[in-house]
Amino acid sequence: MGDEEAETDARETLTQLAAAIERHFRTELLGLYLFGSLAAGGFYAGKSDIDLMAIIAVGVEEGPQLEELTRLHDAFVSERPTWVERIEVAYVERGRSCERSGITHAAASPWYAPASRSTFETRVSS
């Protein structure tokens with residue numbers, strides 16, 4: 001697969017993942033931000049991953065909520081074996097520090113926000 005085909009596959013996978021996350025969280029999903037190599041134009045076929053930050057209205061609690069979200073991700077990658085260990089999503093509760101959630105990247109760029117809600121900008125610093 002060439003670089004252009006790989007990036008197209010990554011963007012199709014990203015679109016499908018965004019739809020799955022939106023179905024899961026519904027109105028609790030406030031925004032979804034793409035960062036990393038795919039956002040910056042440095043995507044490398046077969047090596048780069050998809051990095052997302054989901055801003056949600058209410059945090060994910062350990063227990064049933066976290067288990068359900070884990071099942072969503074496991075099912076998603078089981079249908080796409082080339083993406084195993086290459087999809088990373090940080091779920092950040094609105095108003096919480098990104099550092100608390102393990103985000104250490106210097107910047108996040110907006111990629112997607114549900115159409116029914118207003119968009120906003122977030123900056124993440126290391």
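Summary table below
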| read-out | value |
| --- | --- |
| Some residue of the range 109-120 being at pLDDT below 85, surrounded by fewer than 17 Cβ atoms within 10 Å (Cβ to Cβ), touching an Asp or Glu at 6+ places or on another chain (Cβ under 7 Å) and assigned to a strand (DSSP E or B) | yes |
| The range 57-78 residues that are at pLDDT 90 or above, paired with ones that are among the basic types (Lys, Arg) and surrounded by 11 or more Cβ atoms within 10 Å (Cβ to Cβ) (beta carbon under 8 Å, 6 or more apart) | 57/94 |
| Output for the range 29-58, where each listed residue is buried (at least 16 other Cβ atoms within 10 Å of the Cβ) and assigned to a helix (DSSP H, G or I) | 37, 38, 39 |
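The values are calculated or read from the model by the stated rules, or taken from the named source; none is laboratory data. On a predicted model such as this, the values are computed, not experimentally measured, just so you know. Neighbour counts are summed over all protein chains in view; Cβ atoms, including those assigned to glycine, are modelled from backbone coordinates with ideal geometry.
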